[in-house]
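Notes follow once the structure below has been shown.
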Amino acid sequence: MSDVKLIYERSVPGRTSNHITLKVDVPLTEVKQAIPAKYLRKELGLPEVNEVDVIRHYIGLSKLNYGVDNGFYPLGSCTMKYNPKVNDAMAALPGHGLIHPMQPVEMSQGALQLMYELEKDLAEITGMARLTLQPAAGAHGELTGIMTAKKYFEHKGEGVQRNTVLEPDSSHGTNPASANMCGFKVVEVKSNKNGSVDLDDLRAKMSENVAVFMLTNPNTLGLFDPTIEEIAKIVHAKGGLMYCDGANLNANVGIVRPGDLGFDIIQLNLHKTFSTPHGGGGPGSGPVGVKSHLVPFLPKPSVEKVGEKYTLDYNKPHSIGRVKAFQGNYGILSRAYTYIKSLGREGLRKVGENAVLNANYMMARLRKHYHLAYDRVCQHEFVLSDEGMPNGVTTMDIAKRLLDYGFHSPTIYFPLIVHGAIMIEPTETESKQTLDAFIETMVRIHGEAQSNPGLVKGAPHTTFVKRLDAVKAAREPVLRWQPPGK
Amino acid sequence: MDYVPNTEKESREMLQAIGVKSVDELFQDIPAAKKVKGLLNVSTEMSEVEVTQLLTDLGAKNANAATHAIFLGAGAYNHFTPSAVPYLAFRGEFYTAYTPYQAEVSQGTLRAIFEFQTHITELTGLEVSNASVYDGSTALGETIAGAWQVNQRKQLVISKTVHPHYREVIRTYCWSKGVEVVEVGYKDGKTDWDSLKAVVSDKTSAVMVQSPNFFGCIEEVDQAAEIAHAKGAVLVTTVTEGSSLGLLEAPGKLGADFVVGEGQGFGIPMMYGGPYLGFMATKKEYVRTLPGRLVGKTVDSEGKEGYVMTLQAREQHIRRERSVSNICTNTGLIALMATIYLSLVGRQGLQRVAQQSFQKAHYAHAQLCKIRGVQPLFNQPFYNEFALRVPDAKKASEAMMEAGIIPPLDLGAYYPELKNCLLVCCTEMNSKAQIDHLAKVLEGCR
Amino acid sequence: MENPRELRYTKEHEWVKIEGDTATMGISDYAQHALTDIVYVELPKEGREFKQFESIAVVESVKSVSDVYAPLSGKVTELNKAVTEKPELVNKEPFTAGWLFRFKAKDLNELNNLMTAEQYDAYLASLKH
């Protein structure tokens, strides 16, 4: 296993896989006469391999990877829950997987119905009036939500005045980045000693120049902000909008609806809460829901039902326009739809309840061994730190040692307001046995830090590669394969 | 049906360990009056049997590639997906992993991305590629910030032959950033170079063209490069039909500074519009203007070759409001599928796909243009799409739908001046018999 | 590493050296140490004018990014190309070969807003509390 090659290194000149035939069943046109030579390709440096080569190569690569299907993946804020296989099977049915995005609506009634019903269900789950299903991921949803707010204020004649977005210092990096992409100035609001929004700081920074307060709730510390109603009051009193980053909705599905808490806008991460596979980095889907006063500004088209027919409505003069070609990530929407239909109202409530039960159970047991950053009931996740670890063992060391024991690591060094953060999100799909096994391993690593710190600091020991030199990678970037001698 | 494994007994044990009596106590921070009373108003749970029936029934209401012949392209293409592609991509180790934050247990994903970056640089003729963004339209959108980083200018010039949805996305993005957008018209199906020259100035940040363009015509990318560069603007070229790169010159070799586009054409199912694959490539000197993940080669503590995400200080999780983009989740799985597809069909395979698509389209063009009342709209070199003027586009589309065909795009919906014009597309999936059938139906509806 | 006596320092850990009408600036040993391995340095364009304490350059490590602030007002005259090619120079020789850029200082009275080496030593000691 020590010489895992790249596919390019398996290439043999002249080898083909013949998936596409050379024979054409129509009379031939001479390419060189149809297209000027200047615009024809001279060389194409793709690999030349056979199907067997390809299968063995990528099966080999898959063995160097770790997914939820391999084991526990408590990556905080990413909601790595089990991905039901029926969702994928449904998305791949020809009637869902092989439909063209531009085909006439008369030929797409099933897809439009699915989108229409999914929007209705998501509106019920979030407590919002309408949603757009167009955004392609959570961060794209954030951008769309902030754009929607911007358009709303422009429409009210406050476009120039409202040039600021507030966010807590515990926010995901995507939040300030989204606000900046949309031309807003970003101002941070402090967290208090309980990990919640510091109300005095919010009052001081909230003004009529603020368009939006972007808040993740439960926040990135896994804490539900108990002053949420007061926060909404402060923001609304100055004419601002409350934006909910719904990345952590998994904690509260079926328990409380963000729309009922005073939020005006929310983006969802369907790949998290509604369990679509994370695919090694994506795809996702980031629907945006809003209260009724913001509906006219959402992207177009929207899916409407007229009589018994479903249509796409482009006639939305105040809309921000499109944020993506076509109708959004339908292949993710169809999976989320299948998931919601499978769980139903009964199963959805169990999601929130068990995500929170699992997290609190782990927190209760691990706090005896690790420093707990905020000592409160948590929601779907909680944050430990490496404070007080014996022999200078760090969060990074703990994360790497977990790999040796066959677990994926939690999210580390985030949120930034906890030094050496270890953010653990078990999700509702893990059993007590799995949680216990992980807890016992964490306890064991703590013991190793005491008795044999070198073992922990040198981890991982069992993986295909050891700790990698990230400094070299950044100082001398090699970003593609080069043929030998080039 | 749910996916919660804990039994009631286990839940009780867990509550006891926490030191609370009920799950409700764990929600003590939520204002009581705001909690959901009882259950949400969504339908009751379903078994896998029931949900399969439901989705099958809904799917049956959609015309699709298994039930219909497709002559529709316009940014999404019905190409063949070899069986090995889903077989490999659906391996749980790839499929249910996330962003490779822990490189030691993510060498599979990281190596595949490194191969993807290599494939994309080979296809585009540029030096560096990122690990994907959402789709072609948002890839184009991301270059607004990239171009700004290069020259700090706030005006974009975009050709009207760029996909209408892409232009809408550009307008939305530019509005929100306060960047001006100027659209340049077309002449005989191609960007009007004289108009382009007239509007590009030393205020222009980027010039954006698409080739093959929305009408299927092959644009003179080198012309665009000359005009853009003369004023210090960057040239962004977009490609909506990835397979065209099997036949046509790499835009990077024709002078494009950024080549971005849609990789759905690399064997990715049409899925009613997504998830697709936005790819982005540029010159080495602009590497730091690329959004999203980049994978680089390095060594481990024992000197063994390995791969990591690199140049991460560009990204939102570190640079926050000063990052080039907010992108976090991308379309890793689709990039993996495209990587496997491009490896599998390989050099010769992609050329064959392109040949087949080109030949079918040219045959269709010849056959359809023989029909009385049907004329080619433009007289330009094209790849696998072309525009026709027909006597009555609505009637033609209806007749085709009736005949089991997903019809070509009615261009009038996007270009009011092009009433009764159809945009016809062929790929390797269209047989001669299908094309002859299409001609017959079109002829019959005069 | 000792903080050279002839330099002046900012609270953000930049240093400046005055030689005739040319000033040279960089970041202190304390700063490079806190940043860990520097992998990228983004310098201003030559000719750029700036005010004292304005954000003027950026240094990146693998996991962090930090602004570098101008110790004095002035105009950029020369960039240290060596550090853009070998950012590790900032780690290895922060006060010498790892300088970032030279500039023409606008107002040397602004030196009064900076710390002497002795003051900076005391300031660093106070940070360690």
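The values are calculated or read from the model by the stated rules, or taken from the named source; none is laboratory data. Since the model is a prediction, treat every value here as computed from it, not as a measurement. Quick reminder, even Gly has a Cβ in these numbers, built from the backbone with ideal geometry, and neighbours come from all protein chains shown. Just so you know, the surface numbers come from the protein's heavy atoms only, side chains and all, with ligands and any DNA or RNA stripped out. Shrake-Rupley method; radii C 1.70, N 1.55, O 1.52, S 1.80 Å.
Of B:VAL424, B:VAL353, all but one fail to be open to solvent by less than 30 Å² (accessible area, probe 1.4 Å) and assigned to a strand (DSSP E or B); the exception is B:VAL424.
The set of residues from the stretch A:373-392 being open to solvent by 20 Å² or more (accessible area, probe 1.4 Å) and either among the polar types (S, T, N, Q) or within 14 Å of chain B (Cβ to nearest Cβ) (or both) comprises A:TYR374, A:ASP375, A:ARG376, A:VAL377, A:ASN391.
Cβ separations smaller than 6 Å between residues 6+ apart or across chains give the following pairs from the stretch A:57-69 residues that are within 13 Å of B:TYR95 (Cβ to Cβ) to residues that are among the hydroxyl-bearing types (Ser, Thr, Tyr) and assigned to a helix (DSSP H, G or I): A:ASN65/B:THR109. Residues in the stretch B:159-186 that are of a type in the set (Val, Ile, Thr), within 14 Å of chain A (Cβ to nearest Cβ) and outside any loop (DSSP other than H, G, I, E, B): B:VAL169, B:ILE170, B:THR172, B:VAL181. When you scan the stretch A:207-217, do you find a residue that is assigned to a loop (DSSP other than H, G, I, E, B), at pLDDT 95 or above and of a type in the set (Asp, Glu), even just one? Scanning the stretch A:207-217, I find at least one residue that is assigned to a loop (DSSP other than H, G, I, E, B), at pLDDT 95 or above and of a type in the set (Asp, Glu), so the answer is yes.
What strands (runs of 3 or more DSSP E) completely inside the stretch A:122-205 contain at least 2 residues that are buried (at least 21 other Cβ atoms within 10 Å of the Cβ)?
On the way: elements: A:130-132, A:164-168, A:185-189.
Of the strands (runs of 3 or more DSSP E) lying wholly inside the stretch A:122-205, those with at least 2 residues that are buried (at least 21 other Cβ atoms within 10 Å of the Cβ) span A:130-132, A:164-168.
Residue check: B:ARG372 meets all listed conditions (1) assigned by TED's automatic domain parsing to the domain that holds B:CYS421; (2) assigned to a helix (DSSP H, G or I); (3) among the charged types (D, E, K, R) but one, namely (2). Does A:LYS324 qualify as being within 9 Å of chain B (Cβ to nearest Cβ) and either charged (D, E, K, R) or part of a helix (DSSP H, G or I) (or both)? Yes; evaluated as a whole, the condition is true for this residue. The residues of the stretch B:286-315 that are outside any helix (DSSP H, G or I), at negative phi and either open to solvent by 30 Å² or more (accessible area, probe 1.4 Å) or not assigned by TED's automatic domain parsing to the domain that holds B:ALA139 (or both), listed by number, are B:LYS297, B:VAL299, B:SER301, B:GLU302, B:LYS304, B:GLU305.
Is it the case, given these coordinates, that B:ILE318 is in a helix (DSSP H, G or I) and within 8 Å of chain A (Cβ to nearest Cβ)? Break it down into steps so the answer makes sense when it comes.
Details: in a helix (DSSP H, G or I): yes; within 8 Å of chain A (Cβ to nearest Cβ): yes.
The answer is yes for B:ILE318.
Any chance you could count how many residues in the stretch B:16-47 are of a type in the set (S, T, N, Q) and facing chain A (nearest Cβ under 7 Å)?
Step one: list which residues in the stretch B:16-47 are of a type in the set (S, T, N, Q), which gives B:16, B:22, B:28, B:41, B:43-44, B:47.
Of the ones still in play, those that are also facing chain A (nearest Cβ under 7 Å) are B:28, B:41, B:43-44.
Matching residues across the stretch B:16-47 total 4.
Taking the numbered list (1) in contact with a Phe, Trp or Tyr (Cβ under 7 Å, 6 or more places away or on another chain); (2) assigned by TED's automatic domain parsing to the domain that holds A:GLY284 in turn, A:GLU106 passes all entries but (1).
Checked against the criterion of being within 21 Å of A:ALA325 (Cβ to Cβ) and open to solvent by 30 Å² or more (accessible area, probe 1.4 Å), the candidates B:GLU183, B:GLU262 yield just one match: B:GLU183.
Just the residues that are open to solvent by less than 40 Å² (accessible area, probe 1.4 Å), under 25 Å from B:GLN316 (Cα atoms) and over 12 Å from the mean Cα position of the chain (by Cα), please, taken from the stretch C:42-65. Spell out the reasoning first.
Here is the first cut: in the stretch C:42-65, the ones open to solvent by less than 40 Å² (accessible area, probe 1.4 Å) are C:43-44, C:47, C:50, C:52, C:56-62, C:64-65.
Applying the additional criterion that residues be under 25 Å from B:GLN316 (Cα atoms) yields C:43-44, C:56-62, C:64-65.
C:PRO44, C:GLU60, C:SER61, C:VAL62, C:SER64, C:VAL65, listed by residue number.
Which residue is farthest from B:LEU254 (Cα to Cα), if the candidates are limited to the stretch B:214-239 and must be open to solvent by 10 Å² or more (accessible area, probe 1.4 Å) and in a helix (DSSP H, G or I)? Looking at the filtered set, the residue picked out is B:ALA230. Within the stretch A:418-443, residues that are outside the structural domain of A:ASN194 (by TED's automatic domain parsing) sit with their Cβ atoms under 6 Å from residues that are assigned to a helix (DSSP H, G or I) and open to solvent by 20 Å² or more (accessible area, probe 1.4 Å), at 6+ positions apart or across chains, in these pairs: A:LYS432/B:GLU10; A:ILE439/A:ARG365. Contact annotation: residue pairs with Cβ atoms under 6 Å, 6 or more positions apart or on different chains, pairing a residue in the stretch A:137-150 that is facing chain B (nearest Cβ under 7 Å) with a partner that is assigned to a helix (DSSP H, G or I) and among the hydrophobic types (A, V, I, L, M, F, W, C), are A:GLY138/A:ALA247; A:LEU143/A:MET181. Screening the stretch A:403-437 for residues that are more than 30 Å from A:GLY347 (Cβ to Cβ) and in a helix (DSSP H, G or I) and picking the one that is nearest to the other protein chains (Cβ to nearest Cβ) gives A:LEU403.
Name the residue, out of B:LYS203, B:LYS190, that is under 23 Å from the mean Cα position of the chain (by Cα), on the phi < 0 side of the Ramachandran plot and basic (Lys, Arg). Full working, then the answer.
Numbers: B:LYS203 fails: under 23 Å from the mean Cα position of the chain (by Cα).
Result: B:LYS190 is the single residue among B:LYS203, B:LYS190 that is under 23 Å from the mean Cα position of the chain (by Cα), on the phi < 0 side of the Ramachandran plot and basic (Lys, Arg).
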